[in-house]
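Data first, discussion second: the structure below is written as structure tokens.
The values are calculated or read from the model by the stated rules, or taken from the named source; none is laboratory data. Quick caveat: nothing in here was measured; it's all calculated off a predicted structure. Here the Cβ positions follow ideal geometry from the backbone for every residue, glycine too, while neighbour counts run over all protein chains shown. Protein only, heavy atoms only, side chains kept; ligands, DNA and RNA dropped before computing areas. Shrake-Rupley method; radii C 1.70, N 1.55, O 1.52, S 1.80 Å.
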Amino acid sequence: MRRAVCPGSFDPVTNGHVDVITRAAGLYDELVVAVLVNPGKAGLFSVEERMDLLREAVTDLPNVTVDSFQGLLVDYCRSHEIPVIVKGLRAVSDFEYELQMAQMNRELAAVETLFVPTAPQVGHLSSSLVKQVAKFGGDVSRLVPKAVDDRLRERARREGSS
């Protein structure tokens, strides 16, 4: 069975993430989307919320599961017997950083990395930009899955009324 992991913070998941996940799911028998737990960093959404939003976003992909991890990704890969990491690339600057990570992961645990360039129509998306636009009341409905858009609007309403 061909297995891979697609890691990230996914705070929140964007249509760019969904693009990479969907394409990677077509290449592997099982794809685990793994949400990074970073106790030192408060996200907009909790890890559980991010996992729920991811599950909603990939509900039509039966070979995709959602999990979380803390610590080194290669340790997660080793303990789950996953030999490949899938990473989406938006720009050349992403490649420079991700190449170093891929080389380190291969050195540490013989885990390979597959780079998937994002589709041009979603290559500009980042969770940080989506959060910033949403915070100031901008329409992000075309940039994120519907469940994320709904949750962002709900949060904006609550913060606006308090």
Compute the convex hull volume of the Cα atoms of the range 71-162, divide it by the residue count, and report the result per residue in Å³ as a whole number.
-> 137 Å³
In a GNM of the chain with a 10 Å cut-off on Cα contacts, which of Lys41, Lys146, Lys87 has the highest mean-square fluctuation?
-> Lys41
Which of these, Gly88, Gly40, Gly16, has the largest mean-square fluctuation under a Gaussian network model of the chain (Cα springs below 10 Å)?
-> Gly40
Projecting the Cα atoms of Thr65, Leu54, Val92 onto the charge dipole of the range 52-162, where Lys and Arg contribute +1 and Asp and Glu -1 at Cβ, the residue farthest towards the positive end is Leu54
For the chain, the longest principal axis of the Cα atoms and the Cα long axis of helix 146-161 enclose an angle in degrees, to the nearest 10, of 40 degrees
Mind putting a number on the dipole of the range 3-160 about its Cα centre? Charges go on the C-beta only, +1 for Lys and Arg and -1 for Asp and Glu, and I need it in Debye to the nearest 20.
-> 480 debye
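Local charge sum around Gly123 (other residues, Cβ-Cβ under 15 Å, Lys/Arg +1, Asp/Glu -1)? If you can, show how the numbers build up before the last one.
On the way: positive: Arg23, Lys87, Arg90, Arg142; negative: Asp19, Asp94, Glu98.
Charge balance in the 15 Å sphere: +1.
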Please give the helix 92-109 orientation as an angle from the longest Cα principal axis of the chain, in degrees from 0 to 90, rounded to the nearest 10.
-> 50 degrees
Treat the range 1-101 as a sphere of radius equal to its Kirkwood radius over Cα pairs and apply Stokes-Einstein at 25 °C in a medium of 0.890 mPa s; give the translational diffusion coefficient in µm²/s, rounded to a whole number.
-> 176 µm²/s
Net charge of neighbours whose Cβ lies under 14 Å from the Cβ of Pro62, counting Lys and Arg as +1 and Asp and Glu as -1 | -2
Putting +1 on Lys and Arg Cβ atoms and -1 on Asp and Glu Cβ atoms, find which of Pro39, Asn105, Ile21 reaches farthest to the positive end of the dipole of the chain.
-> Pro39
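Give me the accessible area per residue for the range 3-160, probe 1.4 Å, as a whole number in Å². Numbers along the way, then the final one.
Working: 8660 Å² over 158 residues.
So the range 3-160 comes to 55 Å² accessible per residue, rounded to a whole number.
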What number, in percent, do you get for the relative contact order of the range 38-136 if the mean sequence gap of Cα pairs under 8 Å and at least 6 apart is divided by its residue count?
-> 23 percent
Determine the sum of side-chain charges near Val35: Lys and Arg each +1, Asp and Glu each -1, restricted to other residues whose C-beta is under 11 angstrom from that of Val35.
-> -3
What percentage of the solvent-accessible surface of the range 3-160, computed with a 1.4 Å probe over protein heavy atoms, is contributed by carbon and sulfur atoms?
-> 53 percent
Any chance you could run the full-extension gain for Arg55 through Glu30? It's 0.36 nm times the residue separation minus the Cα-Cα distance, nm to one decimal.
-> 7.5 nm
